[in-house]
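The values are calculated or read from the model by the stated rules, or taken from the named source; none is laboratory data. These numbers were taken from a predicted model, which means no experiment stands behind them. All Cβ positions, even for glycine, are placed from backbone atoms using ideal geometry, and neighbour counts span all protein chains on display. We work out accessible area using only protein heavy atoms, side chains counted, and drop any ligands, DNA or RNA first. Shrake-Rupley method; radii C 1.70, N 1.55, O 1.52, S 1.80 Å.
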Amino acid sequence: MGSWEHDLISNRLTGSRNYHKMLGLEFTNESEDLYEHFLKIIHPKDFHILSYLQEHCFYENKTEVVNVRIVLPDGQIRIFQNNIVPVFESDRLVALRGVNIDITEQKQKDDMINRLSNAVTQSPVSVVITDLNGNIEFVNPAFEKVTGYAFETVKGKNTRILKSGLTEQSFYTDLWQKIKVGKIWETEWLNKKQNGEVYWEAISISPIFDNNGNIINYLAINQDITQKKNFEQEIMDLNLNLEKKIQTRTQELEKVNSDLLTEITERIRVEQA
């Protein structure tokens, strides 16, 4: 964190020791003018912020908070949160004072969280997060679309509401035994939508750990594979029908061959007689 003051009368910028360090400079003279250096290292796409601040502060005597990117000599880009206070004398804006906080790491974390959030929200497969008892804490739009349940409807409810009654209890026993000790569990089973319709689902459930290695939540990734299962069943039915037809045709050919052999044998007997 570094403090600074921009004298608008002399157009002179001065800053604290930490402010120099944040700008990639050695602190040699407390009264050193930093304005020219600041103009050189501010990110080109953030120049408009300077004009906005000066114009805005002329009319409103209040603190402004803006984020500005700085390009350091080594090419590294840092993001500073600027807390700026206008200084007036006789209703005239004479200076800007501020405190800069380097929020680069926090901004990067926030951006990563936003990207992950967007990825989950836009995912074509269902995503469900539960507590340690299987009570639902989050579902994405794909879950709502597949099951028909809105998040507000299932929030806080146990995932048992999705049970179809057609899955053996041994599946659930195996599930809890594995995820409670930190293992990933995967299978295909039948679940039930809000309207009572049964559908096939490929599911993968994994534990979520905190920084100390403790399980704090469970994450379920579910994909509706009903259409795939229907195709597989159709193929099985076609193969079964084909086998039956081949079997029937083979029997018919065997009978024709047997009848033909009998007829030939009879003809030979008659000719000999």
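Structure values in brief
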| read-out | value |
| --- | --- |
| Residue tally, condition modelled with pLDDT of 80 or more and either open to solvent by less than 60 Å² (accessible area, probe 1.4 Å) or at positive phi (or both), over the stretch 17-36 | 4 |
| Some residue of the stretch 193-209 being part of a helix (DSSP H, G or I) and of a type in the set (Gly, Ala, Ser) | no |
| Those residues of the stretch 217-237 which are open to solvent by 80 Å² or more (accessible area, probe 1.4 Å) and assigned to a strand (DSSP E or B), in sequence order | 223 |
| Residue among 99, 65 that alone is open to solvent by 40 Å² or more (accessible area, probe 1.4 Å), in contact with a strand residue (DSSP E or B) (Cβ under 7 Å, 6 or more places away or on another chain) and in contact (Cβ under 8 Å) with a residue 24 or more places away in the chain | 99 |
| Any chance residue 129 is of a type in the set (Val, Ile, Thr), at pLDDT 90 or above and either open to solvent by 80 Å² or more (accessible area, probe 1.4 Å) or assigned to a strand (DSSP E or B) (or both) | yes |
| Residue satisfying condition, being at pLDDT 90 or above, open to solvent by less than 80 Å² (accessible area, probe 1.4 Å) and not in a strand (DSSP E or B), within set 143, 138 | 143 |
| Residue in the stretch 106-123 that is in contact with a Phe, Trp or Tyr (Cβ under 8 Å, 6 or more places away or on another chain), open to solvent by less than 30 Å² (accessible area, probe 1.4 Å) and either modelled with pLDDT under 85 or closer than 24 Å to residue 222 by Cβ (or both) present | no |
| Residue check for residue 138: touching a residue at least 60 places away in the same chain (Cβ under 8 Å), closer than 16 Å to residue 219 by Cβ and hydrophobic (A, V, I, L, M, F, W, C) | no |
| Output for the stretch 80-96, where each listed residue is part of a strand (DSSP E or B) and either small (Gly, Ala, Ser) or surrounded by fewer than 15 Cβ atoms within 10 Å (Cβ to Cβ) (or both) | 88, 89, 92, 94, 95 |
| Residues of the stretch 146-175 satisfying the condition of being closer than 17 Å to residue 201 by Cβ, part of a helix (DSSP H, G or I), open to solvent by less than 60 Å² (accessible area, probe 1.4 Å) and not polar (S, T, N, Q) | 146, 154, 161, 162, 172, 174, 175 |
| Subset tally (residues that are of a type outside the set (Ser, Thr, Tyr) and touching a residue at least 40 places away in the same chain (Cβ under 8 Å)) for the stretch 202-228 | 10 |
| Criterion: of a type in the set (Asp, Glu) and at pLDDT 85 or above - qualifying residue of 102, 91 | 102 |
| Candidates 191, 230, filtered to the one that is under 25 Å from the mean Cα position of the chain (by Cα), closer than 29 Å to residue 139 by Cα and of a type in the set (S, T, N, Q) | 191 |
